[in-house]
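Down below is the structure, laid out as structure tokens.
We did not get these values from a lab; they are worked out from the coordinates using the rules stated. Since the structure is predicted, the reported quantities are computational estimates derived from the model, not experimental observations. With ideal geometry, Cβ positions are generated from the backbone for all residues, glycine too; neighbour counts draw on all protein chains shown.
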Amino acid sequence: MAVRVPDPTALETIRKGAERIVEVSDDEIAEAIRLIYSATHNCAEGAGAAAFAALIKERGRLQGRRAAVILTGQNIDRVWMQTVLAGRTPRIGQEIEPRASRTVVIKTS
């Protein structure tokens, strides 16, 4: 996932062991979230679905080989999940939909 300043130790570890790094877009991550939910009924936040998005993107290259990703991160906001399941891609800083106000009426005797 993109960060402002990469951790030097993590970057060194990645460079030693990674065959390659795959860049995925927000739209590809949103599609991965939708597919995970549709196929397994599990929720995944963007960071948790990014590896699956990369696997989907690399599908042709990996054809005929076994590949797996670990699903992590189920901390996705309800409104973001609704937006993704509706086929849209939420953006940071963008008002996704106005949050409806709820009025609770309590009747006392």
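Overview of results
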| quantity | calculated |
| --- | --- |
| Qualifying residue in region 52-63 (condition: closer than 14 Å to ILE29 by Cβ, of a type in the set (Gly, Ala, Ser), without any contact (Cβ under 8 Å) to a residue 40 or more places away in the chain and out of contact with any Gly (no Cβ under 7 Å at 6 or more places or on another chain)) | yes |
| Criterion violated by ILE21 - all others in (1) in contact (Cβ under 8 Å) with a residue 40 or more places away in the chain; (2) surrounded by fewer than 13 Cβ atoms within 10 Å (Cβ to Cβ); (3) of a type outside the set (Lys, Arg) satisfied | (1) |
